[in-house]
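This report concerns only the one structure given below.
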Amino acid sequence: MVMANNTSTAAHTSLASVTLEVADLEAARRFYTAFGVDAYIGLRASEAHSSGFRGFTMALTVSGPATVDGFVADAVDAGATVLKPAAKSLWGYGGVVQAPDGTIWKIATSAKKHTGPATREIDEVVLLLGVEDVKAAREFYVGQGLTVAKSFGGKYTEFAPGQSSPVKLALYKRRALAKDLGVEADGTGSHHIVLGSTAGTFTDPDGFTWEAAA
């Protein structure tokens with residue numbers, strides 16, 4: 001009965017916003033403006049304890065390797081640390097950086113060849129949540145009213161985007177996500193991210209907090 005009630009009261013839930021919790025608000029604002037992603041996220045101050053992997057990454061998809069290199073360079077110039085240098089892989093070309101506030105960002109393209117100049121354009125932004133059980137997390141979110149757009153068994157799920165947010169939401173196995181980012185999977189404390197909901201406030205099975213969007 002509880003699940004049925006959640007489904008009916010949150011029938012149109014979607015991701016409305018992504019807010020990063022940071023220790024130094026002004027420094028974070030400067031970094032994300034220089035990095036070029038300030039339009040996709042919100043920021044708010046928090047001194048909550050966090051150590052190790054926070055369980056998520058923000059992923060940017062861009063048009064080509066030159067643009068990947070440009071975003072990585074801008075991030076480093078603004079104070080980010082490189083976790084994985086940009087390089088070719090089976091799926092394309094990409095790199096991973098960690099912002100001064102601790103948030104991990106992946107910048108990638110499906111193109112492997114440098115076919116054009118760098119731009120400042122971002123094709124897609126995806127918030128990847130690292131979860132212990134993708135199937136269980138997917139069922140939870142469907143129960144909250146989100147719509148599945150893509151699903152690959154217990155490995156990956158992507159939800160249909162909401163009209164009010166430029167960021168897509170996806171689920172990935174926590175340890176697989178950490179490996180992809182080049183970090184250890186262990187971590188404790190705050191995720192330092194709050195998701196805006198078009199419905200009510202809730203917390204998912206992996207501790208990610210959703211709040212009613214303003």
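Quick one: count up the residues across the stretch 105-125 that are farther than 24 Å from H192 by Cα and buried (at least 16 other Cβ atoms within 10 Å of the Cβ).
Restricting attention to the stretch 105-125, the residues satisfying the condition of being farther than 24 Å from H192 by Cα are 109-121, 123.
Next, from what is left, pick out any that are buried (at least 16 other Cβ atoms within 10 Å of the Cβ): 109, 111, 118.
Qualifying residue count, the stretch 105-125: 3.
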Q: Answer yes or no as to whether K173 is exposed (fewer than 15 other Cβ atoms within 10 Å of the Cβ), more than 21 Å from E21 (Cα to Cα), of a type in the set (D, E, K, R) and over 13 Å from the mean Cα position of the chain (by Cα).
A: no
Q: Out of D101, D24, report the one residue that is among the acidic types (D, E), closer than 22 Å to G182 by Cα and in contact (Cβ under 8 Å) with a residue 24 or more places away in the chain.
A: D101
Q: Determine whether L128 is surrounded by 21 or more Cβ atoms within 10 Å (Cβ to Cβ), part of a loop (DSSP other than H, G, I, E, B) and in contact with a Phe, Trp or Tyr (Cβ under 9 Å, 6 or more places away or on another chain).
A: no
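For the stretch 35-66, which positions are over 19 Å from V167 (Cα atoms) and over 16 Å from the mean Cα position of the chain (by Cα)?
Here is the first cut: in the stretch 35-66, the residues over 19 Å from V167 (Cα atoms) are 45-53, 64-66.
Once the filter is applied, which keeps residues that are over 19 Å from V167 (Cα atoms) and over 16 Å from the mean Cα position of the chain (by Cα), the stretch 35-66 yields A45, S46, E47, A48, H49, S50, S51, G52, G64, P65, A66.
Quick check on my filter: what residues within the stretch 192-201 are closer than 13 Å to Q144 by Cβ and at pLDDT 95 or above?
Narrowing the stretch 192-201 to residues closer than 13 Å to Q144 by Cβ: 195, 197-201.
Within the stretch 192-201, just L195 meets the criteria.
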(Q) What are the pairs with Cβ atoms under 7 angstrom where one residue, in the stretch 113-139, is within 22 Å of V167 (Cα to Cα) and touching a residue at least 12 places away in the same chain (Cβ under 8 Å) and the other, located anywhere, is in a loop (DSSP other than H, G, I, E, B) and hydroxyl-bearing (S, T, Y)? Sequence gap at least six, or different chains. (A) T119/S63; E121/S63; D123/S63; V125/Y40
Q: Give the number of residues within the stretch 105-119 that are assigned to a loop (DSSP other than H, G, I, E, B) and within 22 Å of the chain's Cα centre (by Cα).
A: 3
Q | Residue count, the stretch 156-166 (criterion: surrounded by fewer than 17 Cβ atoms within 10 Å (Cβ to Cβ) and either among the small types (G, A, S) or at pLDDT 95 or above (or both)) | A | 2
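So if I check each of G95, G102, which one is small (G, A, S), part of a strand (DSSP E or B) and surrounded by 14 or more Cβ atoms within 10 Å (Cβ to Cβ)?
Numbers: G102 fails: part of a strand (DSSP E or B).
Only one candidate passes the filter, namely G95.
Would you point out the residue of the stretch 77-98, among those that are touching a residue at least 40 places away in the same chain (Cβ under 8 Å) and of a type in the set (G, A, S), that is farthest from H49 (Cα to Cα)?
Narrowing the stretch 77-98 to residues touching a residue at least 40 places away in the same chain (Cβ under 8 Å): 77-80, 83-84, 96.
From what's left, of a type in the set (G, A, S): 78-80.
Numbers: A78: 24, G79: 22, A80: 20 Å.
Restricting to residues being touching a residue at least 40 places away in the same chain (Cβ under 8 Å) and of a type in the set (G, A, S), the top hit is A78.
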Q. Within the bounds of the stretch 64-76, is there any residue that is at negative phi and touching a residue at least 60 places away in the same chain (Cβ under 8 Å)?
A. no
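Residue-wise test of (1) modelled with pLDDT under 95; (2) closer than 19 Å to L181 by Cβ; (3) surrounded by fewer than 22 Cβ atoms within 10 Å (Cβ to Cβ); (4) in contact with a Lys or Arg (Cβ under 9 Å, 6 or more places away or on another chain).
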{"residue": "M3", "(1), (2), (3), (4)": "yes, no, yes, no"}
{"residue": "F35", "(1), (2), (3), (4)": "no, yes, no, no"}
{"residue": "D38", "(1), (2), (3), (4)": "no, no, yes, yes"}
{"residue": "D69", "(1), (2), (3), (4)": "no, yes, yes, no"}
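The values are calculated or read from the model by the stated rules, or taken from the named source; none is laboratory data. Please read all numbers here as calculations on a predicted model, not as lab measurements. A quick note on method: Cβ atoms are made from the backbone with ideal geometry, for glycine too, and the neighbour counts reach across all protein chains shown.
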